[in-house]
Amino acid sequence: GGAEIACGVTETRSKAQRIMAFPVLPPYTKCDLAIQDRFAQLDQGGKVMAEYIWVGGKGELRCKTKTLDAPPKSVDDLPIWNFDGSSTEQAPGEDSEVLLKPCAIYKDPFRPGSPNILVLCDCYKPDPDGPRGLGAPIPTNTRVYANQIMDKVASHEPWFGIEQEYTLFEPDKKTPYGWPKDGEPGPQGPYYCSIGTENAFGRAVVEAHYKACLYAGINLSGINGEVMPGQWEYQVGPCTGIASGDQLLASRYLLIRVCEQYGVVVSFDPKPIPGDWNGAGCHTNVSTKAMRAEGGYDAILKAMERLPPPRPQGGGKPAA
C-alpha cells in the first residue's frame, strides 16, 4: 500500500483500493447536476436558447445552441443556421458548410422556466441563389423526400403510431443495465411489463424521458418494460404525416439526453445481445382515413394486397 495525504490525514490504502476509488471509465470527474441547476434558474434577459438538432452522417443525432432575441411565432420565423459538415461526415473538408433548415419546434425540458426550444432541422447545401440561401438537400437528408410523399397523400390523412424499443447499457456499452458484469441474468419471462428491484432496471430513466417528452409536446402515448432485462419501449403517436418521423427523432434525442444525465447509454440496436435474448424493434402502425371509417376493413385488405411477400430474416429473396 502507499501513504496518501487527504485533508491533512495520512491514509494507507492498497493499490487496488485506490484504483477502485475512481470510476472505471472516463470521464473520471462527474459533473454535479445540482450545481448546474443553480445557473439554470438565472434570468435570460428575454433571450431564447434554441437547440438546433439534426441527423449526422452515420445516423446519429447532433445539436448546437443558438441565441434568439425573441421567441419565434412559427418555425418559419427561425433563422437558417450552419455547421461544419466535414466533422460529421456530411461534407468534404474543402467545402464543408452545411445549412440547417428548421422543420419543427418543441419545448426544451432541459432548460425550463424560459421559452427555450428544441428545433428539429434537415440539412442542405448552400446556394446563394436559392430560397433563403438553400441549395439541394445533402445525401443524408431523407426527410425532404419523406415529406414529399406525405404531401402527396395528405388527403388520405395517414396516421402513424411507432413503438420504439431500446436497451439501456452501462457506460462500457457492453453490459446491459441491471445485468451482472461478464454474466447473464435469469432467463426471460419475469421482465416484460414488470415491477420490482429484481426485474425492472432503469425505470428512473424511463419515467424522466416520459415526462420530458410530454413537456416538449411530443405525443407519447405510453411506455412499458420489455422482454429482455434492461430493455424498454415507448410509443409515439398517433401522429399525422411527417410529424410522426419528426416526433420520433425528437423523442430519441430526449432519451439520449436523459441517459446522458443518468450516466447510462441507450442503444437502438435491433439485436443488441446475441443468443436467445429479445431484440429491440421499431414497429410502425399505420392507418388512413378510409381504414378508420365504417367498413374500413376492406380498405385495410386492399392495402395489404399491395405489399410484397415477407422476406426471410437476414435478407434474401422474398418467401414463396
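Only a single item in (1) more than 19 Å from Lys173 (Cβ to Cβ); (2) surrounded by 14 or more Cβ atoms within 10 Å (Cβ to Cβ) is not met by Asp276, and it is number (2).
With respect to Ile218, is the statement that it is open to solvent by 20 Å² or more (accessible area, probe 1.4 Å), of a type in the set (A, V, I, L, M, F, W, C) and closer than 27 Å to Leu33 by Cβ true? Judged against the criteria, Ile218 is not a match. Residues that are surrounded by fewer than 11 Cβ atoms within 10 Å (Cβ to Cβ), out of contact with any Pro (no Cβ under 6 Å at 6 or more places or on another chain), modelled with pLDDT of 95 or more and among the aromatic types (Phe, Trp, Tyr) do not occur anywhere in segment 247-267. Filtered by the rule that a residue be in contact with a Leu (Cβ under 7 Å, 6 or more places away or on another chain) and under 14 Å from Pro238 (Cα atoms), segment 215-228 gives a lone residue, Leu220.
Evaluate the following for Arg111: is it among the basic types (Lys, Arg), within 20 Å of the chain's Cα centre (by Cα) and open to solvent by 30 Å² or more (accessible area, probe 1.4 Å)?
Numbers: among the basic types (Lys, Arg): yes; within 20 Å of the chain's Cα centre (by Cα): yes; open to solvent by 30 Å² or more (accessible area, probe 1.4 Å): yes.
It is true that Arg111 is among the basic types (Lys, Arg), within 20 Å of the chain's Cα centre (by Cα) and open to solvent by 30 Å² or more (accessible area, probe 1.4 Å).
Tell me yes or no: at least one residue of segment 41-54 is more than 30 Å from Asn141 (Cβ to Cβ), open to solvent by 90 Å² or more (accessible area, probe 1.4 Å), modelled with pLDDT of 80 or more and not hydrophobic (A, V, I, L, M, F, W, C). Checked segment 41-54: at least one residue is more than 30 Å from Asn141 (Cβ to Cβ), open to solvent by 90 Å² or more (accessible area, probe 1.4 Å), modelled with pLDDT of 80 or more and not hydrophobic (A, V, I, L, M, F, W, C). Restrict the check to segment 229-239 and report whether at least one residue is outside any helix (DSSP H, G or I), acidic (Asp, Glu) and buried (at least 21 other Cβ atoms within 10 Å of the Cβ). Within segment 229-239, one or more residues are outside any helix (DSSP H, G or I), acidic (Asp, Glu) and buried (at least 21 other Cβ atoms within 10 Å of the Cβ).
The C-beta contact set for segment 195-222 (first residue free of Cβ contacts under 8 Å to residues at least 40 places away in the same chain, second residue open to solvent by less than 10 Å² (accessible area, probe 1.4 Å) and in a helix (DSSP H, G or I), distance under 8 angstrom, 6+ apart or interchain) comprises Leu220/Cys213; Leu220/Ser251. Taking residues in segment 39-51 that are among the β-branched types (Val, Ile, Thr), and partners anywhere that are not in a loop (DSSP other than H, G, I, E, B), the pairs with Cβ atoms closer than 6 Å and at least 6 places apart or on different chains are Val48/Leu68. Does segment 274-291 contain at least one residue that is out of contact with any Pro (no Cβ under 6 Å at 6 or more places or on another chain) and at positive phi? There is at least one residue in segment 274-291 that is out of contact with any Pro (no Cβ under 6 Å at 6 or more places or on another chain) and at positive phi.
The values are calculated or read from the model by the stated rules, or taken from the named source; none is laboratory data. If you're wondering where the values come from, they're calculated on a predicted model, not measured in any experiment. Note that we place each Cβ from the backbone using ideal geometry, even for glycine, and neighbour counts take in every protein chain shown. These area figures cover heavy atoms from the full protein model, side chains too; ligands, DNA and RNA do not enter into them. Shrake-Rupley method; radii C 1.70, N 1.55, O 1.52, S 1.80 Å.
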